[in-house]
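What follows is a set of notes on a single structure, which appears directly below.
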Amino acid sequence: IRIRIILSHRASLADTLELVSRIRKSGGLVSRVVKPTEDFQTEIICWVPFNKIEEIAQIEKVALITLPSALTTNTGCVTSDGDAQLFADVSRDRFYTDGTGITVGVISDGARDWDHNDILTCGDLPADVYILERR
């Protein structure tokens, strides 16, 4: 199951690294570690076996475990559920890539309802992409 772990304000970098190690040893996969700022605590987004959640919750420096909030990726206005279901977020983190420089051609009737201006302002497509409709 995909979860979000919030560490206590008292958690150090060593505590965070130890927890990441424990998650991996339990069969989990760490997707993202968000470093703390003045206003926020360290946050770990990860996949863990369901039967290990309670064990992780008992760790002293763990303040809260929740389902993750909306993904924070550079995907324009909408991040679909498919991003997490296909482990695209994990792949971006693991392979240190975001698709920059990759060209993709799509033949689909799914673009009929798109407004070209909305796509440009949301950042879903670069300015040099054109949607052609053929009927």
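Each reported figure results from applying straightforward, stated rules to the coordinates on display, with no laboratory input. All values reported here derive from a predicted model rather than from experimental measurement.
Observations, loosely collected:
- Amide H contacts under 5 Å for SER31: ILE45, CYS46, TRP47, restricted to partners 5 or more places along the chain or on a different chain, H placed in the peptide plane at 1.01 Å from N.
- Length released on extending from ILE65 to HIS9, taking residue separation times 0.36 nm less the Cα-Cα span: 18.7 nm
- Close amide H partners of ALA63, meaning residues 5 or more places away or on another chain with modelled amide H under 5 Å apart, are ILE6, LEU7, SER8.
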